[in-house]
Amino acid sequence: ALPRDLVGHRVVVSAGGTREALDPVRYLGNRSSGRQGYALARVAAQRGARVTLVAAHTADLGDPAAVDVVRVGSARELRDAMHATTADADAIVMAAAVADFRPTALAEHKIKKDGSEPPALPLALNPDILVELVAARRPGQVVVGFAAETGDASGDPLHHGRAKLARKGCDLLVVNAVGDGRAFEVPDNAGWLLGADGTEEELKPGSKALLASRVWDAVATRLG
Ligand code: C5P
């Protein structure tokens, strides 16, 4: 049986991938299925928390039991929903894959293929929601981020993870190894859990529910 160590706590989890509209029928999106965020929400509810799940685009997952689900589309909608739901939360987990950029303009009509030149696609920078939530956090609120690192030639995912944790200012960062069919759109996950206090825990390959449990263990410790 799962521990009931989140009874009396309110948590907000974001999940899925945002979609940035280009025109009425097209968008910029990503491969996030939302499975890790859904597992985090489900496990938190099973451990007794009151849970709000802010869900961007996901695979067809079915709402977790006893969880309030708020649906959003774009990064800016996700940002508004996070600010609206986290003011009195004890913990926030940003598992959503947020688009870093959006098209600067939303075309009113479907972009047509006329002439030989493809249209340029100017992009604007989206707000970093995690950084904003950290800046707005109330005392004692625990904030968790995710980092998908490919661990490519550019180096060590843990090194990148540490730098990202410092940059974002959150309490915990889940570093996922992605690429080569890992993490996205699959049931299993693995990586490391880094703490701002210097802790580092390896997350051996396992189900997304198991990884969720490890994250809530670390959050529960910090909630005291
Ligand atoms: O910088 P990077 O996208 O790798 O950071 C990932 C973490 O930051 C995730 O927790 C993601 O939900 C969050 N994020 C965000 N707003 C953005 C981009 C990422 O909150 N615009």
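Summary of computed values
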| read-out | value |
| --- | --- |
| Net charge over other residues, Cβ less than 12 angstrom from the Cβ of residue 62 (K, R count +1; D, E count -1) | 0 |
| Antiparallel DSSP beta bridges within region 1-121, as percent of all bridges there, nearest 5 | 20 |
| Net charge of Cβ neighbours under 13 Å - reference residue 163; Lys, Arg +1; Asp, Glu -1 | +2 |
| Accessible surface of the chain, 1.4 Å probe, proportion on carbon and sulfur as whole % | 53 |
| Built amide H within the under 5 Å cut-off of residue 54, gap 5+ | 13, 14, 15, 70 |
| Most mobile of 91, 196, 81 in a GNM of the chain (Cα contacts under 10 Å) | 196 |
| Accessible-area ranking of 116, 74, 207, largest first, probe 1.4 Å | 116, 207, 74 |
| Most to least accessible of 27, 38 (protein chains only, probe 1.4 Å) | 27, 38 |
| Lysine pair number, Cα distance threshold 26 Å (strictly under), the chain, separation 8 or more or different chains | 4 |
| Amide H partners (placed H, <5 Å) of residue 206, local residues excluded | 189 |
| Net +/- balance of residues flanking residue 212 in space, Cβ distance below 15 Å, scoring K and R +1, D and E -1 | +2 |
| Separation between Cα centres of region 1-77 and region 111-154, rounded to whole Å | 17 |
| Rounded accessible area per residue of region 1-133, 1.4 Å, Å² | 52 |
| Exposure ranking of 90, 100, 217 by accessible area [1.4 Å probe, largest first] | 100, 217, 90 |
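The values are calculated or read from the model by the stated rules, or taken from the named source; none is laboratory data. Note that the structure is a prediction, hence the values are computed from the model and not measured. Methodologically, a virtual Cβ is constructed for each residue, glycine included, from the backbone with ideal geometry; neighbour enumeration extends over all protein chains shown. Remember, those area values only see protein heavy atoms, side chains included, never the ligands or the DNA or RNA. Shrake-Rupley method; radii C 1.70, N 1.55, O 1.52, S 1.80 Å.
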